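Asker: Input: one structure, supplied below.
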Amino acid sequence: MNNYEAVNCPVCNSNKYSIKFPIQYESDGVLDKLKIDGKNVKVKVYLCGKCFHSYANPQLKGDLITEYYSKLDSEYYKTENPPIDDMITEDNRIINIIKKYKNSGNILELGCGYGFLLKKFERESWNIYGIEPSKHASEFGKKELLLNIKQGFLTLGDFPPQFFDVIIMSDVIEHLRKPNELFELIKHYLKPDAIILIKTGNIDSLYAKICGRWWGYFGSWEHISFFSPRSIEYLLKENNLKLNDIYFVPHFSGFIKNLKSVVYSLTVILVKNLIKSALNKFFQKNYKTRQLLIAYDHIIVVSRPSDLT
């Protein structure tokens, strides 16, 4: 257990909570890369009694997860295969939302991965910057896509103050142990009329509630913070930012694709999980259940500074 620690709410630091349910991460890729045993670790989703944010407890210690992201690479990256830009429609959705507020300027993506989303902004009048902890992903973005990407984490002094018109965090915030520390840095780099776009899973979505402890967002030990519209608004207010707009979206585009995911999840995966759970309970078996497929369970939040003085 020395590799894990109990944590307070990452949004408000409260130690008041109720337990929603236990979870079993579907993939142990993080633990395998760190060469850590997680067999006897019982992870539960806590609901904060103050800000109503949901988070995993216990979590891997900070130095381990930093080493994992910066030296070992996220399990998301299949380093043996050439990267594929398979989120074209989803990226265009983000671009079209940003166009409602800004059409040009300096844009930064935190956790930009291979840089496929950033590359699409070259069609517009943008000065493009990226931050990505993975050496593998950032090197691809720099060498193959010719993007300006810093390998590592955002730090003070990376850019001039009040430099960015747009900062993007797409599928990033759910990985953060201390989101308030990052938002302090983000505010330092925002222009007074800038926007922040955040995409993440919505644990209060109807689909996530139906999935319960088998929600697809519990797929990896990387996911430790599970936002709802209420808790993300609380986080923004705590950091002198205001929620400007919120869009309820599926993770992947395409009505048929998402419908197939929901139907398959609720008629095949869920039924198998219930059978395995019953066998485990009554016959002391150890069958591993699966997470249901992600579908109609995401939000895109657009935020603006409310006071940067």
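Asker: List the helices (runs of 4 or more DSSP H) that sit entirely inside segment 214-309 and contain at least 1 residues that are closer than 29 Å to Asn92 by Cβ and outside the structural domain of Asn202 (by TED's automatic domain parsing).
Answerer: Hits in segment 214-309: 255-264.
Asker: In addition: Consider Leu206 carefully, then state whether it is surrounded by fewer than 19 Cβ atoms within 10 Å (Cβ to Cβ), under 21 Å from Tyr114 (Cα atoms) and aliphatic (A, V, I, L, M).
Answerer: Considered against the rule, which asks whether it is surrounded by fewer than 19 Cβ atoms within 10 Å (Cβ to Cβ), under 21 Å from Tyr114 (Cα atoms) and aliphatic (A, V, I, L, M), Leu206 comes out as no.
Asker: Looking only at segment 18-45, which residues are under 26 Å from Pro133 (Cβ atoms) and either in the same structural domain as Tyr217 (by TED's automatic domain parsing) or free of Cβ contacts under 8 Å to residues at least 60 places away in the same chain (or both)?
Answerer: Asp32, Lys33, Leu34, Lys35, Ile36, Asp37, Val41, Val43 - these are the residues of segment 18-45 that are under 26 Å from Pro133 (Cβ atoms) and either in the same structural domain as Tyr217 (by TED's automatic domain parsing) or free of Cβ contacts under 8 Å to residues at least 60 places away in the same chain (or both).
Asker: Of all residues in segment 38-53 being among the charged types (D, E, K, R) and under 18 Å from Phe218 (Cα atoms), which is surrounded by the most Cβ atoms within 10 Å (Cβ to Cβ)?
Answerer: Lys44
Asker: Out of the residues in segment 212-238 that are out of contact with any Asp or Glu (no Cβ under 8 Å at 6 or more places or on another chain) and among the hydrophobic types (A, V, I, L, M, F, W, C), which is nearest to Ser27 (Cα to Cα)?
Answerer: My answer is Trp214.
Asker: Just need a number here: residues in segment 3-25 that are within 19 Å of the chain's Cα centre (by Cα) and buried (at least 17 other Cβ atoms within 10 Å of the Cβ).
Answerer: Number satisfying all stated conditions: 7.
Asker: Okay, moving on. Would segment 111-124 turn up any residue that is surrounded by fewer than 19 Cβ atoms within 10 Å (Cβ to Cβ), farther than 21 Å from Phe226 by Cα and modelled with pLDDT of 95 or more?
Answerer: Taking every residue of segment 111-124 in turn, at least one turns out to be surrounded by fewer than 19 Cβ atoms within 10 Å (Cβ to Cβ), farther than 21 Å from Phe226 by Cα and modelled with pLDDT of 95 or more.
Asker: List pairs: first residue in segment 164-191 and in contact (Cβ under 8 Å) with a residue 12 or more places away in the chain and part of a loop (DSSP other than H, G, I, E, B), second residue of a type in the set (A, V, I, L, M, F, W, C) and surrounded by 21 or more Cβ atoms within 10 Å (Cβ to Cβ) anywhere in the structure, Cβ distance under 6 angstrom, at least six positions apart or on different chains.
Answerer: Filtered contacts from segment 164-191: Val172/Leu110.
The values are calculated or read from the model by the stated rules, or taken from the named source; none is laboratory data. On a predicted model such as this, the values are computed, not experimentally measured, just so you know. We place every Cβ from the backbone using ideal geometry, glycine too, and count neighbours over all the protein chains shown.
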